[in-house]
1. Normalised by the residues of the stretch A:497-588, what does the relative contact order come to in percent, with Cα pairs under 8 Å and at least six apart?
2. Return the subset of A:LYS215/B:LYS32; A:LYS7/A:LYS156; A:LYS53/B:LYS69; A:LYS83/B:LYS36; A:LYS73/B:LYS105; A:LYS30/B:LYS69 for which the Cα-Cα distance in this structure is over 27 Å, preserving the input order.
3. Pop a pseudo-label 7 angstrom from the Cα along the beta-carbon direction at both A:HIS222 and A:GLN384 and give the gap in nm to one decimal.
4. Whole-Hz Karplus ³J(HN,Hα) for the stretch A:51-63, in order, using 6.51 cos²θ - 1.76 cosθ + 1.60 and θ = phi - 60°, x for Gly and Pro?
5. What is the Cα centroid distance between the stretch A:529-563 and the stretch A:332-346, reported in whole angstrom?
6. In peptide B:101-110, what is the residue-averaged number of other protein chain Cβ atoms found within 10 Å of each Cβ?
7. Express the relative contact order of the stretch A:408-581 as a whole percentage, based on alpha carbon pairs under 8 Å and six or more residues apart in sequence.
8. Expressed in nm to one decimal, what extension gain is obtained for the pair A:GLU674 and A:SER392 from 0.36 nm per residue of sequence separation less their Cα-Cα distance?
Amino acid sequence: MVASSLKLQDLIQEIREAKTQAQEREVIQKECAHIRASFRDGDPLHSHRQLAKLLYVHMLGYPAHFGQMECLKLIASPRFTDKRVGYLGAMLLLDERQDAHLLITNSIKNDLSQGIEAVQGLALCTLSAMGSAEMCRDLALEVEKLLLQPSPYVRKKAVLTAVHMIRKVPELSDIFLPPCAQLLHERHHGILLGTVTLITELCERSPAALQHFRKVVPQLVHTLRTLVMTGCSIEHSVSGVSDPFLQVQILRLLRILGRNHEESSETMNDLLAQVATNTDTSRNAGNAVLFETVLTIMDIRSAAGLRVLAVNILGRFLLNSDRNIRYVALTSLLKLVQSDHSAVQRHRPTVVECLWEPDASLSRRALELSLALVNSSNVRAMTQELQGFLESCPPDLRPDCASGILLAAERFAPTKRWHIDTILRVLTTAGTYVRDDAVANLIQLIGGAQELHAYSVRRLYSALAEDISQQPLVQVAAWCIGEYGDLLLEGTCEETEPLQVEKEEVLALLERVLQSQMSLPATRGYALTALMKLSTRLHGDNNRICQVMSIYGSCQDVELQQRAVEYNALFRKYDHLRAAVLEKMPLVERGGPQVDEEAKESKEVAQLSEAAPVPTETQASKLLDLLDLLDGPSENAQHPPPLDPTPGDTLIHLLDLPCAPLPPAPIPNLKVFEREGLQLNLSFVRPPGTPTLLLITVTATNTSGGDVTHFICQAAVPKSFQLQLQAPSGDTVPAQGGLPMTQLLRILNPNKAPLRLKLRLTYDHFGQSVQEIFEVNNLPVETWQ
Amino acid sequence: MGCPIIRQIEEKITRELLQTILARKPKMCNLKIVYKRYASLYFSYAIEDQDNELITLEIVHLYVELLGKYFGSVCDPDTIFNFEKAYFILDEFLWGGEVQEISKKNVFKADLLQEEAETPRTVLEEIGLT
């Protein structure tokens, strides 16, 4: 029997030599048959080899369940070589889901108490790897005994086994908490490391334990200081850094103990500064320690100077030649850009450099961070950089970059002219990637800037003459030419180069747009209406325009056909009305006084600080990945801009007499969240005159006995909406009904789709970190109808 | 807490990894995969959201050094033909996803890693007590 089955090495060799999947399967099936027979007939001398072969086969993905019982037999054998393969088999083949796993409990119990280190080690290892809650309960006391054994080999393993047991059965904390204080005085690195890990686990699971262990902060500080300043043996050094793993683990525990606790944070302040300045940064090991230090500094109540030091460390990381280090720096800075804005601003030039990283995961984060750093003082320079990036960045980053620039321009534009120029440039560079409402926004913007009409129409005309393929640009240009064609032909504009344009050229250009294959139906609609408007704006006869209208009166496209027929009617039967109908458009919707009103409102409610508001694009886009729920009827990313943009529309709208908007009925408030005294309320406002805009004020109140700190509220809405979160009034909601925190959300709903809103809250309360994600139900229909 | 996976990235393994990630329930924390390539071998390590990626790279590197010291070199056949030894070394170095012992001297001292005797003896014999 042994003769015809292969030795492990030979089996492996044969499998590797198999040329096809089928061949491999054949070899394995043949061998498994031997193995099964051997298990059935019993072969005590060699069964460990058979099991080893089976484990190899299992690693490749083949079924091996018939070996489970053999594992148990081998574990029970007195021979060490049997036991070690048996236990390995148990770890690989058995888990909680198999009934057989409980049968090991007895073997493990025996092996734990029979006093031979190597065997105890095996038993502990297996218990840690696959021990179920039941097994852990049964064996807790055995493991506890081993914590006090003289042998460090066993003790270090027992400590880490305790970690696993607590994860499975949190109540066992009662057994494993008391020994910790003494274990912390160990000199053996393995035991010390295990103890710190154990304490970390205990603290993460219970606020009482957290409170209890605050008293070891001075000891931890002492241990870490010794490591950093005095060093340790060569055996425990990595790249010249003393036991970086222990350092990192201690820093992590300090973070948990110092969080929200003034006294502990103060105790560790000096030490953190020491570690930050004394750690060698030439190799990854040192940088790993530094990184953990930064994470700790940012999470506890550290002095302002220390926080700046931490941000500067991240800034230095950005200049490191190792890409991984740049990556963690960018990710961390993104998390800090809101809370420590001015500190991060100092590294803006370096961040901008990172835009040009060839690695996509780096340039994407650099883009997010750059957009978050734009504020009113650097907007010109930053926009310049971002525009440059937009021109050459990979296609999957273009939509985010384009919308980011447009959003920043909207928030911080120093002048209207700069704003128009910026949008123009974005439309020319990345027109196909901008969002649907960019067209409407630009038209509104231009419409509202009367002094810039001549400038705008000239620039747009030149841009259009060069390239009629970028649809958003073409639409805006067509609209402008229609509205301000008279300014195009006559007069001079100091701000652009002198432009001599003839009436015939203008008409020819619009006709080209109308006829071009590249033009979307909506675009052609714009062009047709523009042509019609020009009949009143330009002097001379309108024969050419009339001709176009009559041709399009029989166009295939129903929308164009209708327009052309109506315009024709204007020429023939209603010529006396034509001038009045095609008059210059009044200011549209969102423009003018309304904007100031909203700005005032949001200032009152949100108490905006000097720091730049939260970048909504980044947060919203990150959260949107979680929100498959909120994708309504699938929206084709390619779908053309709505056929019915606000200005320059069908005749029906033009002929409507404007009526005073009815004062909106107040929308009832909504309580959306309550947990342990922390309550979240939403109040809604639909400003009159802007039917697509909804303002939501989030108010957080705290009636409990403990402060809520590091409160961050993020929101997400379906794709067709546009969301902007203003900076919150603060990140702390004091206890006992202290000053509530408020935050303003602006939501644009151009498609009038049903509103859905998902909120994500993260905060600390009663020493615990809380994260809640939930969808807001029962939103009143008045919020979107 | 981490979970080490030592294999070559063939399509099979990548698929397995993806399956594991996709099988995780919505309430579980996000997994980050840290990997390092040594010639034709990839070593990947899954860590939780709040874990330090840079120290994970050190963990991976230390394990590779341990393998190198034990086998004399680290290449594909070494780890494959001696896969149980690779597991035993791992069990002396990491434990339940946490770092256990970083002194190479201490790791190799372990009885667990002693070569298999020609005729299997009892534990007591092997330890030298009979």
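Only the coordinates and a few stated rules stand behind these numbers; no lab work does. Keep in mind it's a predicted model, so treat the numbers as computed, not measured. Because the Cβ atoms are built from the backbone with ideal geometry, glycine has one as well, and the counts that use them run over all protein chains shown.
1. Details: 61 pairs, mean separation 20.2, N = 92.
The normalised contact order for the stretch A:497-588 reaches 22 percent.
2. Details: A:LYS215/B:LYS32 33 Å; A:LYS7/A:LYS156 36 Å; A:LYS53/B:LYS69 25 Å; A:LYS83/B:LYS36 33 Å; A:LYS73/B:LYS105 33 Å; A:LYS30/B:LYS69 36 Å.
From the list (A:LYS215/B:LYS32; A:LYS7/A:LYS156; A:LYS53/B:LYS69; A:LYS83/B:LYS36; A:LYS73/B:LYS105; A:LYS30/B:LYS69), the Cα-Cα distance tops 27 Å for A:LYS215/B:LYS32; A:LYS7/A:LYS156; A:LYS83/B:LYS36; A:LYS73/B:LYS105; A:LYS30/B:LYS69.
3. Using points 7 Å along Cα→Cβ, the separation is 5.8 nm.
4. Karplus-based 3J(HN,Hα) across the stretch A:51-63 equals 5, 4, 4, 4, 5, 4, 4, 5, 4, 7, x, 8, x Hz.
5. 55
6. Details: counts 13, 11, 9, 2, 4, 8, 1, 0, 1, 4.
Mean partner-chain Cβ count within 10 Å for B:101-110: 5.
7. Dividing the mean separation by the residue count of the stretch A:408-581 yields 17 percent.
8. Working: separation 282, 0.36 × 282 = 101.52 nm, distance 4.77 nm.
Once the chain is fully extended between A:GLU674 and A:SER392, it gains 96.8 nm.
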